[in-house]
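Student: Dumping the structure here so I can ask a few things about it.
The values are calculated or read from the model by the stated rules, or taken from the named source; none is laboratory data. Quantities reported herein were computed from a predicted structural model and do not represent experimental measurements. Don't worry about glycine lacking a Cβ; one is built from the backbone with ideal geometry, like all the others, and counts go over all protein chains shown.
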Amino acid sequence: MLIPCPYCGPRDLAEYTYQGDATRARPDPATAGQAAWNAYVYERANPAGPHREHWQHAGGCRAHLVVTRDTVSHAVLAVAPARAGEPS
Amino acid sequence: MAEYSALALLKNALGGHRGWKPAWRKPEPKPAYDVVIVGGGGHGLATAYYLAKEHGITNVAVLEKGWLGSGNIGRNTTIVRSNYLLPESIRFYDFSVKLWEELSHALNYNVMFSQRGVLNLAHSPAQADDYMRRGNAMRHGGGDAEWLTPAAIARKVPGLDLSGSARFPVVGGLLQARAGTARHDAVAWGYARAADRRGVDILENCEVTGFLREGGRICGVETSRGTIRAGKVAVAVAGSTSRVMALAGIERLPIESHVLQAFVSEALKPFVDCVVTFGAGHLYMSQSDKGGLVFGGDIDGYNSYAQRGNLPVVEEVMSEMVAMFPSLARVRLLRSWGGVMDMSMDGSPIITTGPLPGLYLNCGWCYGGFKATPASGWTFAWTIARDAPHALNAPFTLDRFQRGALIDEKGQGATPRLH
Amino acid sequence: MSPRRAAAGGLVDRDRPVRFTFDGRPYTGFAGDTLASALLASGVTLCGRSFKYHRPRGVFAAGLDEPNALVTVLRGAVREPNVPATQIEIHPGLRVESQNRYPSLAYDVGAVNQLGGPLLAAGFYYKTFMGPVVGPLRGTRFWMLCEKAIRRAAGLGRAGREPDPARYERMNAFCDVLVVGAGPAGLEAAEAAAKAGKRVILAETEPAAGGSALWSGETIGGTPAARWAQERAARLAAMDNVRLLTRTTVWGYYDNNVLAALERVGDHGPAAAPGEPRHRHWTVRAGRVVLATGALERPLVFPGNDRPGVMLAGAAERYAVQYGVLPAARLAVFTNNDGAYRAAAALARAGAEVAAIVDTRSTLSDAARALAAETGAELLSGHAVVATAGRRALSGITVQAFEAAGGRLSGPRRAIAVDGLAVSGGWSPALHLASQAGAAPVWDETRQAFLPPQPSGRGWLAAGAVLGTAGTAEALAEGRMAGRRAAGQRAARSRVPAVAAPALDPHPAEVIAIPAPGKAFVDLQHDVTVEDIRLAHREGFVAAEHVKRYTTLGMATDQGKTSNVPGLAVLAAARGKPLGALGTTRFRPPYAPVSLGALAAERYGHLRPERLTPMHDWHVDNGARMEDAGLWKRPMIYGQPGETVAQAYVREAGRVRAAVGIIDVSTLGKIAVKGPDAAAFLDRVYTNTFSTLPVGKARYGLMLREDGLAMDDGTTWRLGQDDFLMTTTTANAGKVMQHLEYLLDVAWPDMKVHLTSVTDQWAGAALAGPQSRAVLAACVTGTAVDNETLPFMGIVRGAIDGAPVTICRLSFSGERAYEVYCGAGHGLAVWEALMEAGAAHGIVPYGLEALGALRIEKGHVTGAEIDGRTTARDLHLDWMLSKKKPFVGAAMMDREGLTGADRHRLVGVVALDGRPLGGGAHIVERGTAEALGESIGHITACCYSPALQRHIGLALVRGGKARHGSRAHVSDPLRGRFGPVEIVSHHFFDPEGSRMYG
């Protein structure tokens, strides 16, 4: 599997660390209740098909990326730096 | 249907084996059952068997979307063990090993459970202490465990690199002698045949496409072979749990689906007798009765439903193999395959009532589901029949995550790829 | 002259004889021979024994599809089992032995299994061996007894136990176009892509490019095909943008056009060339892939089809043409297609007598008839072979009239004396790689083959026989087109060289299995018969995968290359369905077996890199016994002659408390946290507050995971307003870094903080003991180190031996102590300067064991207690949980399961019997050494305390503090240890900390 890092170019799977479901948003500690925290920590979107997920280019620039990837075909559909938000 | 035995085999051999009947019937779906089990893998079939045997509930259908046993029961490294750390796990898996010991007789099907032992190699004093803690926990939980010195390991497993110059020298090993391996397909077929003989309908090529509800209660399923109503619907589809539960409107679960690769070498004359695991990485290997070395390592580490992995894990696993057994560099990898694992948030399974009325869920087996097959079926059947978990699976319910009552063998928290 | 070598012909070098041994007997072949061709040339027909029945078997194929002739290659004491004789290039000194036989290949007692044949039908073992329900053989014992015998009989070759001395290598390669297979289609594709300027890799399994051109006997562009291929390959190899890899099997097709290939670099000679590995594992990242993988011939299935002397027709043709070897003196051909006629003609031209051509079809093409006439063979169309004769070699066949449409045999049976039978049941495209890439093969009725589907954006194209194409001219055209398309050019048809070849009918008849009585083998290596498949069907195993698993069809080392389609055909007939309706099983990597050593590559013998601190050599030179800590090597003790580990650490720890000791702490994780929001960031990730920390001070910090459990601890130093140096435990350095980066990138992208891992940039030494300040005072310049200037948790900068150092006064041992950090390059010099300055104060270096003892005496926690299952409260670190601010884990740490009274919490334990405790021992209230009590916890760390002069330990025990002062027992059945302990506070030594602050 190759993931095109926006900073480094296409790089092999071996350089990346999977950081999981990117559809979760960390609750605001000021307002969130226990249920929101439970959901954030333990519940995952786990679709068969396109999935938004975080990958860290750990063996490269170390940036976290939001990768939209098909979990059935492993095709990478879109990539963006996590700090930029939505994938292109 | 005929009992299997040496005598029956002899009689049939004389008749050119024309007398054998199908191991299980191929019935048409009935419009309704007391219990419908979604998933014709090891756990679903075992559940059906124990529902019939232990609870007298025989009006049961097992629904399998493809061919029976096509999921993880047919693609694993066949290891049976209960060498766990935490008391909840030890109790559950020890019960499973006890069921395994009688399984061939119970099913009248040789599942080839061979108690050849599982040996965990330790490579540093700290790891040795960790394994001591685990072995002692097993002993205090009523199971068996013993410590082997490097000299004892050398006698038991010739060919292992036990030299002090190894990158990670072996300082000792934890042996569970009652552990071993079994023939994975035979477990599926044996449970299927035994359940069928007690009246359970096994419906292959019957994919669930939706759930029926009445007033918020699940009361049946839509399938590729028509609508089937049910008093209770039990889901045991590890690997596809999120997909199937989404059909019931459950969009998020404490589960990620990951791909785990496994490997078989070419067949060899007896090379290694017990199951050996490498502690300085993650590798478990044994030799099958046909002679192939059967082994695996970590999951690939990303969500996948592809039943197909990638090269980095292949290379890592082979590296660990030849680090353990340097002579195997000249042995050749014959086959590899990928299975889809339900990786849960604490690395332990979920056997529970709910999460909806009329629904029962068995999932989250990570890559330890095979060994659990009998206990999983037994406790799930109990949970379905009595609408409450048995003491053995009470710690494994879904609400443990909210409560913080985690069963985290590896201590990695909610990062599934690390379990 | 060898008995079966043709008088002339072949691509072997008749001027270079090569001597080798097989089962100890010397043989001679020619350079260019495979072991199979050389043995055949020498008249050896018996090469192996089958898996189950130990039936005698001979060479069946000519390539990697060989199911029968598997041998073990010996090099000194090193063994390589299960190598097909067809894939071994003979070379001087080659030693091979046959397998799966005892005492010898010719007389194998295992053949007795054939007598039990009827009992050993598919799946027989599921129905028996269950043993008695009572008695000494109950449970699993009877089966395990039987299993021992089964295991000895099963398996094929024997693996060695001696380490493989070979070297393996991995190569990463990148190309625009990867062409797999260098037959005519592949050569043409590679050239088309290369001419378009693309970087091309062309991989070929065989030692030379050419594929079928090497034995087809055709001409291409007026040149004999073999020469055309040689010239074409030479031309390609000379191009700068082409890499031609022979002896290279592409075996895996992974995501995003990542392909894996095995190059056998050193197997064809006595040793690998200097500097060369034995095998090279290629990882090729290709823009596009052209699959020109050809097709594999499949046999016809009929009784006695496994006898040595029965061989695939294409293989027989190849032996005759490529190697100049006649597989038999007088042979027959049995076919359902035209291809075998070319083989018959080639065999006749090479000097073999072709006695008969038996064809299941009644209507034949003119070209086939012409070739048959050329051989002078009796042409038996509408016939089938129904039996064979011979013991260890074929002596004859029996034929009978056969009506293909109805599948009926009729008329008299007739025997024909032959010592060879060339068989063809058609060709199966080698679409394995396409299948791995996700393509579902489609059954093609006219071609009688599974074909790859039309590629659609999958990154691969295909050309030649893999598409079911039979003719060389078409293959060349497809190759060129695929090469152009892969290069991004228009797929216009262009002229390819003219091919002179007989106009054979490419379509085989539907017949695969002949309905005659007798043992007819489908999977030769695993001894799966037609009857086995029918039995599986009878027992309800009707899915293709079920049949495969129940009968073991296709699971041998040849992975069903010849048996897959015949097996499906037999199943389809049993089910009364067309073959296409069954589908085929999915192919998975590897296409052909791959050595484990190659996949480990450089990691063979070097599994992981070693992480060494700058002072590593000093430690080793000064008697340190090194211990693995993750990838790091760290001193366990600095042993003196005659000292045990325990004596050494007690001495070292005692010196620390009495005078001063020094330990290398370079392995601690170190993260530079900088930026205007650095302090606010630390407030969020630590449970305690760092924004209030003055510049020039350090603070101990605790981190939780999001789920509220303890994650890691360490000190963080404020070097400037926006400049912090965080330290982590050695084990968690990577994990903490990743945790922080995730939070910054994902949760708080607006925070202005930059993180840099500086673990390797700083060397660190910790100086501990009452004399530590004196040692510093003696060697540090540029700063004072007195209590005023450098109070507890204070930081100063200065120099030692001219090297800049940062010194923080903090303690893990409970003594007055300092951590001295300097640039890694100065590490050794600073260490040596500290040792020198300390000499007058009796300084000793100490290792992890003494470090452990000192921290246990103080009740400080490390990874043994922060094990991912404990909370801050479990470890009595609740004082670090700020109530004034949110922090990671705060929202989840108060859940009922994490706060209950039955949690296991940190305590101290003291052995009351004066005997050592053991890490991982459990604590029980009751019980004995024999009747184990209920565990209430376990010992996380233990030592002999030099300060207390007792065996003590830290433990996590249910109830924790409430048990202080109570008695319990240590229960350690694995070490055979049971004895009384007292549960006490984990603060064993100097609980007020007077030694540390003073």
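Student: Evaluate the following for residue B:329: is it in the same structural domain as residue B:41 (by TED's automatic domain parsing), outside any strand (DSSP E or B) and touching a helix residue (DSSP H, G or I) at 6+ places or on another chain (Cβ under 7 Å)?
Tutor: Judged against the criteria, residue B:329 is not a match.
Student: Hey, can you tell me all the residues within region C:522-534 that are buried (at least 24 other Cβ atoms within 10 Å of the Cβ) and either part of a helix (DSSP H, G or I) or of a type in the set (D, E, K, R) (or both)?
Tutor: C:523, C:527, C:530, C:532, C:533
Student: What is the residue count in region B:244-267 for residues that are more than 23 Å from residue B:313 (Cβ to Cβ) and part of a strand (DSSP E or B)?
Tutor: Adding up the residues that qualify gives 2.
Student: Could you list, ordered by first residue, the pairs with Cβ atoms under 6 Å in which the first is in region B:240-267 and within 8 Å of chain A (Cβ to nearest Cβ) and the second is of a type in the set (Ser, Thr, Tyr) and crowded, with 21+ Cβ neighbours inside 10 Å, at least 6 apart or interchain?
Tutor: Going by the 6 Å Cβ cut-off, the qualifying pairs are B:253/B:242; B:254/A:42; B:254/B:344; B:255/B:241; B:255/B:242; B:255/B:344; B:257/B:305.
Student: Step by step: first the residues of region C:860-889, then only those that are charged (D, E, K, R) and surrounded by fewer than 18 Cβ atoms within 10 Å (Cβ to Cβ), then the one that is farthest from residue C:681 (Cα to Cα). Which residue is that?
Tutor: Taking the candidates together, the pick is C:878.
Student: Moving on. Mind counting the residues in region B:133-147 that are hydrophobic (A, V, I, L, M, F, W, C) and either surrounded by fewer than 22 Cβ atoms within 10 Å (Cβ to Cβ) or more than 11 Å from chain C (Cβ to nearest Cβ) (or both)?
Tutor: Of the residues in region B:133-147, 1 are hydrophobic (A, V, I, L, M, F, W, C) and either surrounded by fewer than 22 Cβ atoms within 10 Å (Cβ to Cβ) or more than 11 Å from chain C (Cβ to nearest Cβ) (or both).
Student: Can you tell me how many residues within region C:716-739 are within 11 Å of chain A (Cβ to nearest Cβ) and either closer than 15 Å to residue C:764 by Cα or crowded, with 22+ Cβ neighbours inside 10 Å (or both)?
Tutor: Qualifying residue count, region C:716-739: 0.
Student: I've got another one for you. Filter region C:400-448 down to the residues that are among the hydroxyl-bearing types (Ser, Thr, Tyr) and outside any loop (DSSP other than H, G, I, E, B), then identify the one that is nearest to the chain's Cα centre (by Cα).
Tutor: C:435
Student: Being surrounded by fewer than 23 Cβ atoms within 10 Å (Cβ to Cβ) and at pLDDT below 95 is the filter; apply it to region B:291-316 and report the residue that is nearest to the other protein chains (Cβ to nearest Cβ).
Tutor: B:306
Student: Let me ask you something else. Given C:98, C:42, which one is among the polar types (S, T, N, Q) and more than 35 Å from the chain's Cα centre (by Cα)?
Tutor: C:42
Student: Moving to a separate point now. Cβ-Cβ under 6 Å, sequence separation 6+ or interchain: first residue in region C:121-134 and among the small types (Gly, Ala, Ser), partner in a loop (DSSP other than H, G, I, E, B). Which pairs?
Tutor: C:121/B:17; C:131/C:137
Student: Another one. Every residue in region C:51-67 that is more than 27 Å from the chain's Cα centre (by Cα) and under 21 Å from residue C:34 (Cα atoms), please.
Tutor: Of everything in region C:51-67, those that are more than 27 Å from the chain's Cα centre (by Cα) and under 21 Å from residue C:34 (Cα atoms) turn out to be C:56, C:57, C:58, C:59, C:60, C:61, C:62.
Student: Turning to a different aspect of this structure: So is residue B:20 within 11 Å of another protein chain (Cβ to nearest Cβ), surrounded by 14 or more Cβ atoms within 10 Å (Cβ to Cβ), of a type in the set (A, V, I, L, M, F, W, C) and touching a strand residue (DSSP E or B) at 6+ places or on another chain (Cβ under 9 Å) or not?
Tutor: No; evaluated as a whole, the condition is false for this residue.
Student: If you don't mind, another one. Hey, does region B:189-196 have a residue that's on the phi > 0 side of the Ramachandran plot and touching a residue at least 24 places away in the same chain (Cβ under 8 Å)?
Tutor: Within region B:189-196, none of the residues are on the phi > 0 side of the Ramachandran plot and touching a residue at least 24 places away in the same chain (Cβ under 8 Å).
Student: Among the residues of region C:978-998, which ones are surrounded by fewer than 19 Cβ atoms within 10 Å (Cβ to Cβ) and closer than 23 Å to residue B:138 by Cα?
Tutor: The answer is C:979, C:980.
Student: Can you list residue pairs whose Cβ atoms sit under 8 Å apart, with the first residue in region B:144-158 being touching a residue at least 60 places away in the same chain (Cβ under 8 Å) and the second being in a helix (DSSP H, G or I)? Count only pairs 6 or more apart in sequence or on different chains.
Tutor: These pairs meet every condition: B:145/B:134; B:145/B:135; B:145/B:136; B:145/B:138; B:145/B:139.
Student: Out of region C:84-119, which residues are closer than 22 Å to residue C:323 by Cα and either without any contact (Cβ under 8 Å) to a residue 24 or more places away in the chain or in a loop (DSSP other than H, G, I, E, B) (or both)?
Tutor: Hits for region C:84-119 are C:88, C:90, C:91, C:92, C:93.
To keep it simple, each residue is scored yes or no on (1) at negative phi; (2) within 11 Å of another protein chain (Cβ to nearest Cβ); (3) outside any strand (DSSP E or B); (4) buried (at least 24 other Cβ atoms within 10 Å of the Cβ).
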site	(1), (2), (3), (4)
C:601	no, yes, yes, no
C:608	yes, yes, yes, no
C:617	yes, no, yes, no
C:628	yes, yes, no, no
C:646	yes, no, yes, no
C:655	yes, no, yes, no
C:663	yes, no, no, yes
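Student: Sticking with this structure for a sec: On the given criteria, is residue C:919 at the interface with chain B (Cβ under 9 Å from one of its Cβ atoms) and either closer than 22 Å to residue C:859 by Cα or without any contact (Cβ under 8 Å) to a residue 40 or more places away in the chain (or both)?
Tutor: When the stated conditions are applied, residue C:919 passes them.
Student: Which of (1) small (Gly, Ala, Ser); (2) more than 8 Å from chain C (Cβ to nearest Cβ); (3) not in a loop (DSSP other than H, G, I, E, B) is the odd one out, the single condition residue B:186 does not satisfy?
Tutor: (2)
Student: Report, by residue number, each residue of region B:60-109 that is modelled with pLDDT under 95, within 12 Å of chain C (Cβ to nearest Cβ) and in contact with a strand residue (DSSP E or B) (Cβ under 6 Å, 6 or more places away or on another chain).
Tutor: B:75
Student: Check off (1) buried (at least 22 other Cβ atoms within 10 Å of the Cβ); (2) farther than 24 Å from residue C:628 by Cα for residue C:765 and give me the number that stays unchecked.
Tutor: (2)
Student: Let me ask another. Take the residues of region B:85-111 that are assigned to a loop (DSSP other than H, G, I, E, B) and in contact with a Gly (Cβ under 6 Å, 6 or more places away or on another chain): which is surrounded by the fewest Cβ atoms within 10 Å (Cβ to Cβ)?
Tutor: Selected residue: B:109.
Student: Then there is this: Any chance region A:72-79 includes a residue that's at positive phi, over 12 Å from the mean Cα position of the chain (by Cα) and either free of Cβ contacts under 8 Å to residues at least 40 places away in the same chain or more than 10 Å from chain C (Cβ to nearest Cβ) (or both)?
Tutor: Within region A:72-79 (the criterion being at positive phi, over 12 Å from the mean Cα position of the chain (by Cα) and either free of Cβ contacts under 8 Å to residues at least 40 places away in the same chain or more than 10 Å from chain C (Cβ to nearest Cβ) (or both)), the answer is no, since none of the residues qualifies.
Let's see how each residue does on (1) in contact with a helix residue (DSSP H, G or I) (Cβ under 7 Å, 6 or more places away or on another chain); (2) more than 29 Å from residue C:51 (Cα to Cα); (3) of a type outside the set (Lys, Arg):
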residue: B:280; (1), (2), (3): no, yes, yes
residue: B:285; (1), (2), (3): yes, no, yes
residue: B:290; (1), (2), (3): no, no, no
residue: B:294; (1), (2), (3): no, no, yes
residue: B:300; (1), (2), (3): yes, yes, yes
residue: B:305; (1), (2), (3): no, yes, yes
residue: B:312; (1), (2), (3): yes, yes, yes
residue: B:347; (1), (2), (3): no, yes, yes
residue: B:355; (1), (2), (3): no, yes, yes
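Student: Taking the condition of being in a strand (DSSP E or B) and not hydroxyl-bearing (Ser, Thr, Tyr), how many residues in region C:271-306 meet it?
Tutor: 17
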